[in-house]
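S.K.: I have a structure I would like to understand better, so I am pasting it below and will then ask my questions one at a time.
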Amino acid sequence: LAEDYRTLYIRIADRVSTLRVLRRLPGLSEEDRIKIATESLHLYAPLAHKMGVMKVKGELEDLAFKYVDPEAFRNCKYTQTAANKAYHDSAAMIADIISHDEYLKQQNLNFRVTYRVKDKYQLYLKMKRKKMSLSEVRDALGLRVIIDTKRIPGESQEEYIERGNKNCYHL
């Protein structure tokens with residue numbers, strides 16, 4: 001590992017693969033599964049974080065969390081599903097509002113709406129850290145509206161930046 005950091009990526013990928021099939025691995029007791037999951041939460045997920053592979057970190061945490069605390073996992077899963085549904089219910093409405101805004105139409109800009117849903121384990125950690133219930137967590141869903149303000153011919157850099165800022169605040 002010390003000679004070639006790429007072996008860390010292989011170890012992390014192997015652990016993700018193991019967690020994905022952990023329930024079906026023969027000869028493992030529930031205690032062994034919990035031990036593997038705990039090791040994944042405390043060693044592999046932080047390592048993935050340090051290496052900058054955040055999607056893998058989230059998957060490691062969520063797969064391991066399912067074994068470490070199954071009840072809390074189910075509760076967080078319901079919240080995550082509700083947040084995902086909330087995005088899909090509101091994204092079209094937000095896009096419609098933006099596309100019909102007269103000021104923004106005049107600005108000749110493109111936009112897109114993206115989102116992220118907080119991972120189950122991260123929801124759980126926040127609840128524990130802040131001593132709150134799932135219903136009190138307000139950032140399970142994060143919406144982003146990304147706009148691309150096109151530069152008008154003859155517009156100075158300062159005017160372009162000011163107009164971009166104005167568009168963001170208007171939005």
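The values are calculated or read from the model by the stated rules, or taken from the named source; none is laboratory data. Since the model is a prediction, treat every value here as computed from it, not as a measurement. Cβ atoms come from the backbone with ideal geometry, glycine included; neighbour counts cover every protein chain shown. Side chains included, ligands, DNA and RNA excluded: accessible areas come from the protein's heavy atoms. Shrake-Rupley method; radii C 1.70, N 1.55, O 1.52, S 1.80 Å.
S.K.: Solvent-accessible area of CYS168, probe 1.4 Å, all protein chains present, reported in Å² to the nearest ten, please.
M.R.: That residue has around 80 Å² of solvent-accessible surface.
S.K.: Along the stretch 38-43, what does the Karplus equation 6.51 cos²θ - 1.76 cosθ + 1.60 (θ = phi - 60°) give for ³J(HN,Hα), rounded to whole Hz, x for Gly and Pro?
M.R.: Once rounded to whole Hz, the list reads 5, 4, 5, 5, 8, 10.
S.K.: Still on this structure, please answer the following. Sort out for me the Cα centre separation of the stretch 59-127 from the stretch 24-44, rounded to whole Å.
M.R.: After rounding, the separation between the Cα centres reads 29 Å.
S.K.: Please give the per residue accessible area of the chain, computed with a probe of 1.4 Å over protein heavy atoms only, in Å².
M.R.: So the chain comes to 67 Å² accessible per residue, rounded to a whole number.
S.K.: With a ≥ b ≥ c the root eigenvalues of the C-alpha gyration tensor of the stretch 1-97, is it rounded (a/c under 1.5), prolate (a/b larger than b/c) or oblate?
M.R.: Cα axes put the stretch 1-97 in the oblate bin.
S.K.: Given a 1.4 angstrom probe, I'd like the percentage of the accessible area of the stretch 1-142 that is carbon and sulfur, rounded to a whole number.
M.R.: 54
S.K.: Could I ask something else about it? Could you list the residues of the stretch 108-143 with an amide nitrogen less than 20 Å from a label point located 7 Å from the Cα of ALA91 in the Cα-to-C-beta direction?
M.R.: Zone members listed by number: 110-120, 139-143.
S.K.: Just the accessible area for TYR115, please: 1.4 Å probe, Å², rounded to the nearest 10?
M.R.: For TYR115, solvent-accessible area is about 80 Å².
S.K.: Also: Output ³J(HN,Hα) for the stretch 107-122: one whole-Hz value per residue in order, computed from phi by the Karplus curve 6.51 cos²θ - 1.76 cosθ + 1.60 with θ = phi - 60°, and x for Gly and Pro.
M.R.: Values per residue, Gly and Pro as x: 7, 6, 10, 9, 8, 8, 10, 10, 8, 9, 10, 4, 4, 4, 5, 5 Hz.
S.K.: Here's another thing I want to ask about it. Which listed residue (TYR9, PHE111, GLY164) has the Cα farthest towards the positive end of the charge dipole for the chain, taking +1 on Lys and Arg C-beta and -1 on Asp and Glu C-beta about the Cα centre?
M.R.: About the Cα centre, the residue reaching furthest to the positive side is TYR9.
S.K.: Take the Cα atoms of the stretch 54-97, find their three principal axes, and give me the spread along each one in whole Å, biggest first.
M.R.: Over the stretch 54-97, Cα extents along the principal axes are 43, 23, 7 Å.
S.K.: Under 24 Å Cα-Cα from LYS66, which lysines qualify once same-chain neighbours fewer than 8 residues away are excluded?
M.R.: Partners found: LYS35, LYS50, LYS55, LYS57, LYS77, LYS85, LYS118, LYS120, LYS126, LYS128, LYS130, LYS131.
S.K.: State the percent of C-alpha pairs, over all pairs in the chain, separated by a distance greater than 23 angstrom. Mind showing how you got there, number by number?
M.R.: Details: 8389 of 14535 pairs.
That tail contains 58 percent of the Cα-Cα pairs.
S.K.: Can you run phi through the Karplus equation (6.51, -1.76, 1.60; θ = phi - 60°) for the stretch 90-104 and list ³J(HN,Hα) in whole Hz, with x for Gly and Pro?
M.R.: 9, 4, 5, 5, 5, 4, 5, 4, 5, 6, 9, 6, 4, 4, 5
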